[in-house]
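Reading through the structure tokens given below for one structure.
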Amino acid sequence: MQLYIHFLGTGGSWPTVQRNVAAIAIKRGGETILFDCGEGTQRQFQRSKLSYMQISKIFITHFHGDHFLGLPGFIQTLQLNDREEPLHIYGPKGIKSIVETITKLGYFRPSYPVYAYEVKAGDVLSFDGYKIKVAEACHNVPALAYALEEDVRPGKFNKEKALSLGIPEGPLFRKLQNGEAIEINGKIITPDMVLGKPRPGRKITITGDTMPCESIIKLAARSDVLIHDATFDSSMEDKAKEYGHSTAKQAAMVAKQAGVEKLLLTHISPRYKNAKLLEEEAKEIFPNSYVAHDFMEIEVKLKK
């Protein structure tokens, strides 16, 4: 199953010519999951390869406007395009009352179900083939970070071993690959007899707004991709701390400590028309670092 990250908004505070505000979509097979929904997110979808009609879930990190004020327009746009499927919205305490207010603004009432769920640090939400882990972010208001972690996959199938055990090619192979035991010539064959060691799925961690902190390092451990707040360059570390953000250098240190494979820097301050400086600072600490930009698309491949 293919998995892509689409950056729909990579700026912080307010939209600029270069960047819209926070919105990151993960497309996994036929499902699209949205993390944060800054103003104008539905228009960003229209300019991307994605369809907002495929959105099943939205995860909000916190209630600063650049992370959730796109919800009213997004929810109404879905209705105007005849959505019938339910929309599930997750966020910190308070998301239920916010969604209830949004769905009663003006003369609007959604004709499709919109459900809101309050989540907290330590929660693990299980879905078909993956889970979402929730951790506390270290911001100046209550905020959450999320990690999408796929289920462990069965090990590689050893065809030669299976044939040597007298198992004919066909449906019995498939049963063993799916984790089912079979019986052949009166003998029980279990999956571990023909499968290698279980293989990890993919893991993507999204911090939202945060200072560098232990909870993020723990959540991001061994991620394929870490998407981290990098609002400022290192000369503005004091301001980053004052407002509950990270510098690019600090984000790189988190990536290094967490043992991730790739770091993508986001929530770039409007002061940076060119964010090359942020990328250069991060690469000094963690070479596989990149500044994300609006409409960047990253494929996250399965490990063999």
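The values are calculated or read from the model by the stated rules, or taken from the named source; none is laboratory data. Note that this is a predicted model, so its numbers are computed, not measured. Virtual Cβ from ideal backbone geometry, glycine too; neighbours counted across all protein chains shown.
Starting from residues that are of a type in the set (G, A, S) and within 15 Å of G12 (Cα to Cα), keep the ones in region 258-304 and report whichever is modelled with the lowest pLDDT. Looking at residues that are of a type in the set (G, A, S) and within 15 Å of G12 (Cα to Cα), I get A275. Of A248, A258, all but one fail to be more than 21 Å from H67 (Cα to Cα), touching a Ser or Thr at 6+ places or on another chain (Cβ under 9 Å) and hydrophobic (A, V, I, L, M, F, W, C); the exception is A258. Within the span defined as region 188-207, one or more residues are touching a helix residue (DSSP H, G or I) at 6+ places or on another chain (Cβ under 7 Å), assigned to a loop (DSSP other than H, G, I, E, B), surrounded by 16 or more Cβ atoms within 10 Å (Cβ to Cβ) and in the same structural domain as K218 (by TED's automatic domain parsing). Of everything in region 95-135, what is part of a loop (DSSP other than H, G, I, E, B), hydrophobic (A, V, I, L, M, F, W, C) and either without any contact (Cβ under 8 Å) to a residue 40 or more places away in the chain or closer than 17 Å to I33 by Cα (or both)? Give them in sequence order. Answer for region 95-135, where residues must be part of a loop (DSSP other than H, G, I, E, B), hydrophobic (A, V, I, L, M, F, W, C) and either without any contact (Cβ under 8 Å) to a residue 40 or more places away in the chain or closer than 17 Å to I33 by Cα (or both): L105, F108, V119. Is it true that some residue in region 276-286 is assigned to a loop (DSSP other than H, G, I, E, B) and surrounded by fewer than 24 Cβ atoms within 10 Å (Cβ to Cβ)? Within region 276-286, one or more residues are assigned to a loop (DSSP other than H, G, I, E, B) and surrounded by fewer than 24 Cβ atoms within 10 Å (Cβ to Cβ). Considering region 136-155, the residues that are among the hydrophobic types (A, V, I, L, M, F, W, C) and in a strand (DSSP E or B) include one that is surrounded by the most Cβ atoms within 10 Å (Cβ to Cβ), namely A145.
Please verify whether region 69-76 includes one or more residues that are buried (at least 18 other Cβ atoms within 10 Å of the Cβ), in contact with a strand residue (DSSP E or B) (Cβ under 7 Å, 6 or more places away or on another chain), farther than 27 Å from V152 by Cα and among the β-branched types (V, I, T). Scanning region 69-76, I find at least one residue that is buried (at least 18 other Cβ atoms within 10 Å of the Cβ), in contact with a strand residue (DSSP E or B) (Cβ under 7 Å, 6 or more places away or on another chain), farther than 27 Å from V152 by Cα and among the β-branched types (V, I, T), so the answer is yes. C37 passes every criterion in (1) touching a Phe, Trp or Tyr at 6+ places or on another chain (Cβ under 6 Å); (2) assigned to a strand (DSSP E or B); (3) closer than 19 Å to A137 by Cβ; (4) not aromatic (F, W, Y) apart from (2). Looking at F157, is it at pLDDT below 85 and among the hydrophobic types (A, V, I, L, M, F, W, C)? The answer is yes for F157.
Of all the residues in region 1-34, those that are in contact with a Phe, Trp or Tyr (Cβ under 9 Å, 6 or more places away or on another chain), of a type in the set (A, V, I, L, M, F, W, C) and outside any strand (DSSP E or B) number 1. For region 206-245, a residue qualifies if it is closer than 21 Å to Y4 by Cβ and either in contact with a Cys (Cβ under 7 Å, 6 or more places away or on another chain) or not acidic (D, E) (or both), and the qualifying residues are I206, T207, G208, A220, R222, S223, V225, L226, I227, H228.
Could we say that I216 is closer than 30 Å to K283 by Cα, assigned by TED's automatic domain parsing to the domain that holds D66, assigned to a strand (DSSP E or B) and not hydroxyl-bearing (S, T, Y) here? It is false that I216 is closer than 30 Å to K283 by Cα, assigned by TED's automatic domain parsing to the domain that holds D66, assigned to a strand (DSSP E or B) and not hydroxyl-bearing (S, T, Y).
Return the residue satisfying two criteria in turn: it lies in region 235-275 and is on the phi > 0 side of the Ramachandran plot and small (G, A, S), and of such residues it is surrounded by the most Cβ atoms within 10 Å (Cβ to Cβ). It comes out as G244.
For region 177-187, the set of residues classified as surrounded by 14 or more Cβ atoms within 10 Å (Cβ to Cβ) and either among the acidic types (D, E) or more than 32 Å from the chain's Cα centre (by Cα) (or both) consists of I182 only. Test I182 against the stated conditions and say whether it is in contact with a Leu (Cβ under 7 Å, 6 or more places away or on another chain), more than 23 Å from G29 (Cβ to Cβ) and not assigned by TED's automatic domain parsing to the domain that holds F35. Answer is yes for this residue. Only residues that are more than 15 Å from L278 (Cα to Cα) and basic (K, R) were counted across region 242-261, and they come to 1.
Set side by side, the residues R83, R109 differ, and just one is of a type in the set (K, R) and in contact with a helix residue (DSSP H, G or I) (Cβ under 7 Å, 6 or more places away or on another chain), which is R83.
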